[in-house]
Structures are given as structure tokens and as C-alpha cells.
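Structure, as C-alpha cells:
The numbers here are math on the coordinates, done by the rules we state, and not lab data. Here the structure is a predicted model, which is why all the values come from computation and not from measurement. Cβ: placed from backbone, ideal geometry, glycine included. Neighbour counts: every protein chain shown.
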Amino acid sequence: MATIFTVVICLIYVVSPGLGHDLVNANDKAAVQQYVGAGYFDAAFGQNILRSISDMRAAMVSADAWRSIFIILLGMFVLLWYAKKGAGDPKKITILSVILLAICLVDMWQVNKRYLNDDMFVAPRGVERIQKTDADTYILEKSGAGRDYRVLNFTVSTFNDNNTSAFYSSIGGYHAAKLRRYQELIEAHIAPEMSKVYTAIRMAPMDTVAMQQQLSPYPIYDLTAVNTDSLFPVINMLNTHWFILGAGEKGNVKLPVENATAMGNAWFVTNIKWVANANEELDALGKENLRTTAVVAKDDFGFLKAEGSGIVKLTSYEANEAKYEVDSEQGGLVVFSEVYYPGWTAAVDGQPVEVGRANYVLRAINVPAGKHEVVFEFKPQSIQTTETIAYVALGVLALLIVAAIVWSIKRK
């Protein structure tokens, strides 16, 4: 009965491969329509392409249906052999199990090889060392090789390139598991603001004195004379201290432009803009003065308080730790130009404090009056929990091994 039922289903798909399925989906049609609209070919030729795609997929479904019928019948004959010749025989059960496992293995192996085959494996190859350009050398000489500032590189695909990060922190780059909030920040603010960087540079006066004194081989633009906070507040918020622009007839010359209006690694704010949800928080970034105001979700981080002012200085920076010196007469709320993420802990003079989120993606903490050291460390609870479980499991395993050895000795 099982054989008849499954074979009949397969035969239906042999006869009618497209039953219950559209072999040409909306994406296929949209892709063909895009080429038709661009004038690469006419609508009739596009329909022929779609029919060809449908025919090829129908042939694939039909071929796999015949393949399934063969495997089903083979399995049926093996089970019939066991039912008549070896029911209850332990040796025959072993033979049956081995045959069925072999059938399943061959079936899975052949299908899996369609998606992961020998042609997909390549020999290891070395990665060439990324070469510094003249623009990179200039930026590093002026601002140092530390990670206490960020760079926005317009000469590459900003959010699909990692070479910029070889020398300094970048607000771009690529990762397959990019944070959703940062991706939303890119789409809502960073990408639109990037075009406004050129507007600011065209509006900015040039420092002719420095150029006459040959202090730089590149044009020097005074962006402090332009209200950049109205043009690209989020880029400033991310402490983007340098832009690398394309120049020359083919855009192959890299032009470094210093942005002295970047907000820095951290700053005190005097106001809090309370919002109800993430949409309001993201939208408010383009409407508030982020130098003096922090945008905070009231339901999640109501413990943050804005008052006073002071000076914040980054003293040490690693991937999982950052240290700051804070000096304030009154204390208050400090916003750090670092991404907020669960697992980051903060301590003021060694005493733990709560970490809040401000401006949709940044960290913020309350700092008391006086001089203090603030230390951020990445210590996710999940890692501590799994490490504890792992050590306990190793301990139990060690005890079991010792117990087994002792039991074996006593038995002898």
C-alpha cells in the first residue's frame, strides 16, 4: 500500500511536473521584464525565455520523479525479501539495515552533490597584503594609526569593502551577519547623508594659507565653516574624522578630506529626547541636535538622566575593551560613539553601572561628578553560561573516567 501510494504520486509528477507549482515564478518574470524594458530584447523573445525555463524545470521534476520511483521500488523489493526469507533472523535484520542505509546514503549523496560538488572546492591561496595608498599614508601621519577615529571611503563600495578597515576604523565594511539596527541606520541616514558630504565640501572654504605654505599635498577644506550637523549629523555622530574621495578624470586619485566637525569618541549631552519606539528613535536622529541631545527609548532606558557637562578622553581601545577618562564638575549623561549591544558592561572606577542605548545604536551611561575612569568590556552572559556548563561537563567526564578505572581495578 505504501509503495502504490507513493509511486502514484511520483507518476502524477512525471505526467504533470507543474501540478500545484508555478515553474516560472514572479522573480523570473520580473527579471525578464527588466531586460525587455531596457531594450535588450522584445516581449516575444522574453516569453520564449520564460517558456524555456519552464520546460527545463519540468524536465528536472519529471526526471527526479522517475528517480524516486526507482528508489521506492528498490526499497519495496528489499523489504519483501526480508518478509519472506528472513523475518526474525538477526543476521537478515543486519543485512536489511545495511542495504536500506546504503540506499539512503546513495540517494542523499547524489542529491547533495548537486549543491556541494567537487567544482566548488579550490586550492588554498594566499591573501595579498593590502597596500597603503598615498591618501592612507597622509591620514595615518596626521591622525595616527589608532582606532580612535573613523573613515568613510567613497572610492570603494563603502558597505561591501573591508580593505579600509586594514588601517583604521571604518563606518562601512562588510559582514554577512551585519547588525539589523546598523543596517537600518545605513539605509535611513548614512547612505542619504553621503551625497551631502560633497555638498559640504563644495560649500566649505579652502585653507589657502596652509596650501601656500605647502603644509599638505592635498586641498584643505575648512568644514568647520559649514553647518555639517544639518547635512550629515549621523556621520558626525559616528566620529567620521576623514573622508576619502575619488578625484581625477577617472576617479582613480584618492583625495583625503579631514572632517574637524566629527563629534569625537564620546560627549556629554544636556537634553534627552524621549521616544516611544524604534521608529521614532530612528526618525529623530535627523531632527535633533545630537551634540547636546540624546534620543532614548523611554520604556527601555528610563534610568538615563541628562545634566551637566564635562570632558571625555579615550585612553585605550581594543576590540573587546575600551577605557575613557571623564572629568566633570556636575556629572551627567555621556554618549559614546560605539555600538550598543547586549553583553557590553560598563564600570566607573571599578563599580558596575547600567549601560543604555542612545541615538538608536550608541552606548550611553550616567557618570558622577569628578574625575573617573570608565571601562567598557564585552562580557556576554551566554559565553559565561556555556563556559560554566562546559567545565562542569568536563569535570563529570573526568570523574566518570576515574570511577571506571577504579571499578576495573577492583574487579580484577
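Which value in nm describes the separation of the simple spin-label points at Gln34 and Asp299, placed 7 Å from the Cα toward the beta carbon?
Using points 7 Å along Cα→Cβ, the separation is 3.8 nm.
What FRET efficiency comes out for Ala87 versus Asp107 if R0 is 25 angstrom and r is the Cβ-Cβ distance? Round to the nearest 0.05. Let's see the in-between values first.
Details: r = 25 Å, r/R0 = 1.01.
Computed FRET efficiency for Ala87 and Asp107: 0.50.
Run the quick spin-label model on Glu373 and His21: label points 7 Å from Cα toward the beta carbon, then report their separation in nm to one decimal.
It is 6.4 nm.
Taking the 0 to 90 degree range and rounding to the nearest ten, how far is the long axis of helix 43-81 tilted relative to the main principal axis of the chain, both from C-alpha atoms?
On a 0 to 90 degree scale, this one is about 50.
I'd like the trypsin sites (Lys or Arg not before Pro) in region 83-182 restricted to DSSP loop residues with at most 13 other Cβ atoms within 10 Å, sorted by number. Could you put the intermediate results ahead of the total?
Values: sites: Lys84, Lys85, Lys91, Lys92, Lys113, Arg114, Arg125, Arg129, Lys132, Lys142, Arg147, Arg150, Lys178, Arg180, Arg181; in loops: Arg125, Arg129, Lys132, Arg147, Lys178.
Counting only loop positions with at most 13 other Cβ atoms within 10 Å, the trypsin sites (Lys or Arg not before Pro) in region 83-182 are Arg125, Arg129, Lys132, Lys178.
By count of other Cβ within 10 Å, fewest leading, how are Ser337, Ser170 ordered? Let's see the in-between values first.
Values: Ser337 24, Ser170 21.
Ranking Ser337, Ser170 by Cβ neighbours within 10 Å, fewest first, gives Ser170, Ser337.
Can you tell me the 0 to 90 degree angle between the C-alpha axis of helix 2-15 and the longest principal axis of the chain, rounded to 10?
Taking the Cα atoms of the chain, the angle to 2-15 is about 70 degrees.
How do Ile95, Ile4, Ile139 line up, fewest other C-beta atoms within 10 Å first? List each step's numbers first, then the result.
Details: Ile95 16, Ile4 10, Ile139 25.
Fewest-to-most ranking of Ile95, Ile4, Ile139: Ile4, Ile95, Ile139.
So what is the diffusion coefficient of region 266-379 in µm² per second by Stokes-Einstein at 37 °C and 0.692 mPa s, using a Kirkwood Rh over Cα pairs? Present the calculation step by step, with values, prior to reporting the outcome.
On the way: Rh = 13.9 Å.
For the chosen part, D equals 235 µm²/s.
FRET efficiency for Met206 and Asn48, Cβ-Cβ distance as r, R0 = 60 Å, nearest 0.05? Walk me through the numbers before you get to the answer.
Details: r = 59 Å, r/R0 = 0.98.
Efficiency for this residue pair is about 0.55.
Using a 10 Å cut-off around each Cβ, can you sort Met56, Met203 from fewest to most neighbouring Cβ atoms? All intermediate terms of the calculation are to be shown ahead of the outcome.
On the way: Met56 11, Met203 14.
The order, fewest Cβ neighbours first, is Met56, Met203.
Give me Rg/Rg_expected for region 73-127, where Rg uses Cα atoms only and Rg_expected = 2.2 N^0.38 Å with N residues. Each step should come with its number before you reach the end.
Working: Rg = 18.4 Å, N = 55, 2.2 N^0.38 = 10.1 Å.
Dividing the Cα radius of gyration by 2.2 N^0.38 Å gives 1.82.
In terms of the ratio Rg/(2.2 N^0.38 Å) built on C-alpha atoms, what value belongs to region 1-139?
Working: Rg = 25.6 Å, N = 139, 2.2 N^0.38 = 14.3 Å.
Its radius of gyration relative to the 2.2 N^0.38 Å reference: 1.78.
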